[in-house]
Amino acid sequence: MSSSQTPALDGVEFTYDWYERALVWLSDHGYESSSFEGDVGDGDLLLRHDVDLSPRKALEIGRIEADLGFRSTYFFLVSNPLYNVFDAVCRAVIDEIDALGHDVGVHFSTHQHWSRRPSPEELRERVTAERSALSLAAENVCDPVSFHCPPEWVIDRTFDRLATTYEPRFFSEATYVADSGQRWRESHPFDTRLSERVQLLTHPGLWGETDLPYTERVTSSIDENVGYAERLLTDQHLREKFDPPVELPEREPAADR
C-alpha cells in the first residue's frame, strides 16, 4: 500500500483535527479498521488507545472514529492512580465508548505487581484478575491485553492462553506506529512505507483541541484529574458536614482541555 504523504498531513500536531485527518489519510490509502480479537489480514488497521491519562479525551477520540466508521480498542489502566474505572463518570465514558462500537480492554502494568519477570502462570492470573475487575465497570471486556510501559520480555512474544497487543502478528508482522512521548514530532508516523497491516497506538491524554507539547499535555491531564477528585471529595466530606460549608481555594485551571 502507498504511504506517500499528502500536504494535509505534513507536520504532526497533537490535535483532534490532525488525528481525524490521519484516519482519513489511512482510509484513502486502503486501510480498514480491524479488531485484536480476530484474524489479521492485508489492509487491516488495528487502532489501539492506551488510556493512561484521560478517559474523557479517550471518548472524544472514540466519537471521531465512530463518525468516520472506524472501530478501535480502548485499554483502561485499572491500577491507575489518576482515574478510577469504577467512578460513575468514568463508567459512563466506558459505556459510551462501548456503545459507539469500540472494544474495551485491560491496560496492564506489570510494574504494579513485580520487580522481576513473573512466570507465565503468575502473569495470566493477575491479568485475569484485572480483567474481572474491569468487567464490573464495563459491560464487554475483550480478551487481548495491552501492557503499560512494556518490559522487554513481553515484546514480540506469544503467551499461552493470554492474548496481547505485542504478539508477533500485531507487532513484528505488521507496521507498529506509536505516539509515545509525542515522538511523532520528530519522526512522522507515515514517513516510512507502511506494510499491508498496521497497528496504530495513541495515548488519548496526549491529544486535545489545540496543540501542546508533551510536558504541558501531561500536566494538564494530571490537573484535570486531581481537580475532579478534589471537587468530588470536597462535596462528599466537607460541604455537607459543616455549617457553614468548608470552602477550598479555587484551583488554577489547566492550560488545555
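Structure notes:
- Selection count, region 83-125, where residues are in contact (Cβ under 8 Å) with a residue 12 or more places away in the chain and under 16 Å from ALA163 (Cα atoms): 11
Conditions (1) modelled with pLDDT of 95 or more; (2) over 24 Å from GLU209 (Cβ atoms), marked per residue:
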residue: MET1; (1), (2): no, yes
residue: ASP10; (1), (2): no, no
residue: TYR16; (1), (2): yes, no
residue: HIS29; (1), (2): no, yes
residue: SER34; (1), (2): yes, yes
residue: VAL51; (1), (2): yes, no
residue: PRO55; (1), (2): yes, no
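- Residue match in region 125-143 (condition: within 19 Å of LEU201 (Cα to Cα) and touching a strand residue (DSSP E or B) at 6+ places or on another chain (Cβ under 7 Å)): yes
- Residues of region 49-72 classified as under 12 Å from LEU206 (Cα atoms) and of a type in the set (S, T, N, Q), total: 1
- Qualifying residues in region 97-110 (those that are in a helix (DSSP H, G or I) and of a type outside the set (A, V, I, L, M, F, W, C)) - the one nearest to LYS57 (Cα to Cα): ASP98
- Taking the criterion of being assigned to a helix (DSSP H, G or I), within 25 Å of ASP17 (Cβ to Cβ) and not β-branched (Val, Ile, Thr), the residues of region 53-91 that qualify are PRO55, ARG56, LYS57, ALA58, LEU59, GLU60, GLY62, ARG63, GLU65, ALA66, ASP67.
The values are calculated or read from the model by the stated rules, or taken from the named source; none is laboratory data. Predicted model, so just to flag it, every value in this text is computed and none were measured. Methodologically, a virtual Cβ is constructed for each residue, glycine included, from the backbone with ideal geometry; neighbour enumeration extends over all protein chains shown.
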